[in-house]
Amino acid sequence: MTNFLPNKLIVKRDYMKSALIYFSNTGNTKEIADQIEKTFDPDVIELTLEKPYGGFISSVGRYIGEHISKKKTQIKQNPQDFSDYDVVFLGSPVWAGTLPNFLQDYLKESNLTGTTVVPFITASGTGKEATLKTIEDILPDSEIKNYFFKSMREKNDVDAWLNYLKKDFNGIDS
Ligand SMILES: Cc1cc2nc3c(=O)[nH]c(=O)nc-3n(C[C@H](O)[C@H](O)[C@H](O)COP(=O)(O)O)c2cc1C
């Protein structure tokens with residue numbers, strides 16, 4: 001007697017759905033975000049703050065103050081469920097050696113389960129490994145892949161990285 005198993009219904013998209021989440025205070029991270037947007041046409045979530053930081057000096061002073069007082073910086077955008085996305089590009093500057101606190105909070109309060117996260121980070125020079133570690137710790141249910149880091153010291157080539165991504169994410173919907 002044959003044990004007849006019905007075919008499992010497999011629902012599979014033939015394209016990859018992508019999102020781009022980023023924060024940029026002075027435009028360096030935004031430059032890369034704009035190129036990602038042009039290349040992959042993702043759904044874009046630019047995180048903006050209720051009270052913007054302004055230039056470098058005032059930002060550093062305020063951020064340190066907030067860190068000491070444990071004051072929460074309010075982001076205008078609500079955390080979201082991103083679990084339906086295949087790929088999430090995640091862009092940020094390094095602040096105080098890692099991802100800014102408010103961005104960490106936003107990611108913790110969102111759902112990125114099952115996504116492939118591609119971080120792109122800009123900095124003056126430090127925080128490369130620590131920032132990646134923070135992202136990995138915050139998003140244990142995502143695959144962190146193709147990390148891109150650019151600083152004054154390490155001027156990595158964005159175009160080369162994008163070309164690599166195009167091949168890697170062959171089926172991306174663009
Ligand atoms: C509050 C604050 C803290 C920063 N901390 C660091 C740091 O720890 N290490 C570093 O290399 N750069 C640091 N920077 C520099 C930024 O990471 C760098 O200028 C980045 O490219 C800015 O990106 P954006 O133009 O997208 O905001 C800091 C900048 C600010 C405003």
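Across the stretch 68-99, the number of residues qualifying as touching an Asp or Glu at 6+ places or on another chain (Cβ under 8 Å), within 16 Å of the ligand (Cβ to nearest atom) and within 27 Å of Tyr15 (Cα to Cα) comes to 0. Which of the residues that make up the stretch 134-153 are touching a strand residue (DSSP E or B) at 6+ places or on another chain (Cβ under 8 Å) and more than 18 Å from Ser24 (Cβ to Cβ)? Matches in the stretch 134-153: Glu136, Leu139, Ser142, Glu143, Ile144, Lys145, Asn146.
Working only within the stretch 110-124, note down all residues that are within 9 Å of the ligand (Cβ to nearest atom) and either within 14 Å of Ile144 (Cβ to Cβ) or modelled with pLDDT under 95 (or both).
Pass one, the stretch 110-124, residues within 9 Å of the ligand (Cβ to nearest atom): 121-124.
Of everything in the stretch 110-124, just one residue is within 9 Å of the ligand (Cβ to nearest atom) and either within 14 Å of Ile144 (Cβ to Cβ) or modelled with pLDDT under 95 (or both), namely Ile121.
Restricting attention to the stretch 125-145, and to residues there that are in a loop (DSSP other than H, G, I, E, B) and small (Gly, Ala, Ser), which single residue is farthest from the ligand (Cβ to nearest atom)? That would be Ser142. Against the criterion of being within 11 Å of the ligand (Cβ to nearest atom) and either of a type in the set (A, V, I, L, M, F, W, C) or without any contact (Cβ under 8 Å) to a residue 24 or more places away in the chain (or both), Phe148 does not qualify. When Lys72, Lys76, Lys38, Lys51 are checked against the criterion of being free of Cβ contacts under 8 Å to residues at least 40 places away in the same chain and either closer than 28 Å to Leu165 by Cβ or buried (at least 16 other Cβ atoms within 10 Å of the Cβ) (or both), a single residue qualifies: Lys38. Could you say whether any residue in the stretch 28-41 is within 12 Å of the ligand (Cβ to nearest atom) and among the aromatic types (Phe, Trp, Tyr)? No.
The values are calculated or read from the model by the stated rules, or taken from the named source; none is laboratory data. Being a predicted model, the structure only gives us computed values, none of them experimental. Cβ atoms come from the backbone with ideal geometry, glycine included; neighbour counts cover every protein chain shown.
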